[in-house]
Each structure stands twice: as structure tokens, then as C-alpha cells.
Amino acid sequence: MSSRNPHIDWPRTLQAACRIIERSDPMPTLDALAAELGVGASELQRQFTRRLGASPKAYGQALQLHRLARAAGGSKAIDAVLDAGFSSVAAAYDRATTRLGAAPARFRGDISIDWWLGLSELGWMLMAATEKGICWLSFGDRPGELLEEMRAAFPKASFGDGEQRLRDWFDAVRDFILLPEEALCLPVDIQGTAFQASVWKALQKIPLGEKRSYSQLAKDLGKPNATRAVASACARNRIALLIPCHRVVGKDGSLAGYRWGVERKRELLERETMIEQ
């Protein structure tokens, strides 16, 4: 088979590759992985690295580090993963704390949170959930920084491995990124001030493929003078996609800011718009 076959759907193929790697122990060789997917090994390596930002081998090694950290238990699991190779710059923790502000009251005390980390079409994706639902969903280029940011948000939490519990939810989000055919409907644990919660719930009502301006959202909430407060609530949203703050734009249609990067916001909106056309 030609490794340059133009008919290969690489986004779906790479998503399948990620799932194979995630479910295999030990990790398959590049040749075995390519054979299972029906593609050339060299092109798989190239496409995986170019589109997802890491080689298949590096991704498999990262997952092994995560699994090895299970034995640490509790909040030490994140330390073990970071020490084993997910380290980030020391300033990441301080940046996250400044950016997030004080944690909601319930999250200031002890709480148990399961988490899982993997690759997606938007880069590294970190999902975490309490017993009530998903409380964290973020994207980034550096997994270590994602972990540090989450730990800063829940400084007293006990973090556990969530691979088994979160796997189906994780895949549902990845599938949505790839082909946003319908709204994501997964349980969320929304925690914030009363006003923030009202903004986040309003965001969930914006239909797929549509956008709202910050001022329009403020009017919809019956607070036409609260445009800046609405923008602040969007910026403090901790659950990407499930609370779709990417659908809020400037009054002139500009993308403005996005916690996980304007390019990711642009990509999401373009995909959703194409589906609706």
C-alpha cells in the first residue's frame, strides 16, 4: 500500500491509532500499529507527529508514565507523572493560580477527582471529574502545564487515575472535535458564583454552529450592562466544549480571547459552521 494514499482519512485514522495505543499493553510497534490501521508505517509516523504533536512512540511512553503513577495514589499521582517526564516550567503553577483566582467554596476543601490525559485533534486534552460529573476539560501543547494548572485549581483535592471511568467520555469529546454533528451531552459539575453559573448555563444553550456576542449574552441574561462580567465568566470557564464559550465572539464578530488559544477557537467554530452548512 502506498504510504501517500490520498484517500486515507487521516484524522479518523489517527484517532483510531490513539485508541489502539491507549488500550494496548505493551504498546504495539510502529509497524504493527500501521498494519492494524492499513497504512504505511513511515506515513503514519509523519502524520501522527505533524497533526498531534508527538510521535506514536512518545505518546505510548507518556501513557505508560501515567499508568505507573497509579501506585502513588492520591494527589501524589500528579507529582509522579510530572517527575517521570511531564515536567513543565516552574512558573506554570503561579500562572495558573493567578489566572484562575480563588477556587469555588466547595473545591477549597478535600475532594476526590479522577483525571485522564491524552491526545486529540486540538492537542493534549486533560479531563477530570468529581462524582457528580466533569469539572475540568482543557487543551494545550504541554501536558505538564495542563496538570499543574489543574492542581492549582484544586489545591486540596485528592487526584486519582480516571482512565477506566473517563474513557467513554474522553472518546465522546474527541469524536465531537473531529466531527461536531450534535451537541455534547455529558454530565458536568459546574462550580462558581451564582452569576458565573448563570453565564455557563446560558452558554450551553447556544446551538451548534451558532455564535453570540458578549453583549448579546448579557442581554439574554437580563443584564445588558454586564458585558464585561460575562466576558470574565467566559474566561474563567474550566470545562471546554461542554460549556461552549468558544461560541462567544466580539460584537464585530472578532474571535477575541480564548483560554485555550484563539487558533483552537477558530478551528472549533470553522468545523461547527461547516457541519451546519
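The values are calculated or read from the model by the stated rules, or taken from the named source; none is laboratory data. All values derive from a computational prediction rather than experimental measurement. As a convention, Cβ positions derive from the backbone with ideal geometry for all residues, glycine included, and neighbour counts pool all protein chains shown. Accessible surface areas use protein heavy atoms only, side chains included; no ligands, DNA or RNA. Shrake-Rupley method; radii C 1.70, N 1.55, O 1.52, S 1.80 Å.
Scoring A91 on the criteria (1) among the aliphatic types (A, V, I, L, M); (2) modelled with pLDDT under 65; (3) open to solvent by less than 40 Å² (accessible area, probe 1.4 Å); (4) out of contact with any helix residue (DSSP H, G or I) (no Cβ under 9 Å at 6 or more places or on another chain) leaves a single failure, condition (3). Kindly evaluate P6 against the criterion of being part of a loop (DSSP other than H, G, I, E, B), open to solvent by 30 Å² or more (accessible area, probe 1.4 Å) and either at pLDDT below 55 or under 28 Å from A172 (Cβ atoms) (or both). So P6 does not fit the description; no.
Have a look at A226, A172 and point out the one that is more than 16 Å from the chain's Cα centre (by Cα) and open to solvent by less than 60 Å² (accessible area, probe 1.4 Å). Just one listed residue meets the conditions, A226. With respect to (1) free of Cβ contacts under 8 Å to residues at least 60 places away in the same chain; (2) in contact with a strand residue (DSSP E or B) (Cβ under 8 Å, 6 or more places away or on another chain); (3) farther than 24 Å from P11 by Cβ; (4) open to solvent by 40 Å² or more (accessible area, probe 1.4 Å), the lone exception for K201 is condition (2).
All of F195, F170 fail the test of being over 30 Å from G60 (Cβ atoms) and of a type in the set (F, W, Y), apart from F195.
Condition test on A54, is it open to solvent by 50 Å² or more (accessible area, probe 1.4 Å), of a type in the set (G, A, S) and either within 16 Å of Q15 (Cβ to Cβ) or not in a loop (DSSP other than H, G, I, E, B) (or both)? For A54, the condition - open to solvent by 50 Å² or more (accessible area, probe 1.4 Å), of a type in the set (G, A, S) and either within 16 Å of Q15 (Cβ to Cβ) or not in a loop (DSSP other than H, G, I, E, B) (or both) - is not met.
Taken over the stretch 180-211, the criterion of being within 15 Å of A235 (Cα to Cα) and of a type in the set (D, E, K, R) is satisfied by K201 alone.
Here is the figure for the stretch 134-162: residues that are touching a Phe, Trp or Tyr at 6+ places or on another chain (Cβ under 9 Å) and surrounded by fewer than 18 Cβ atoms within 10 Å (Cβ to Cβ) total 5.
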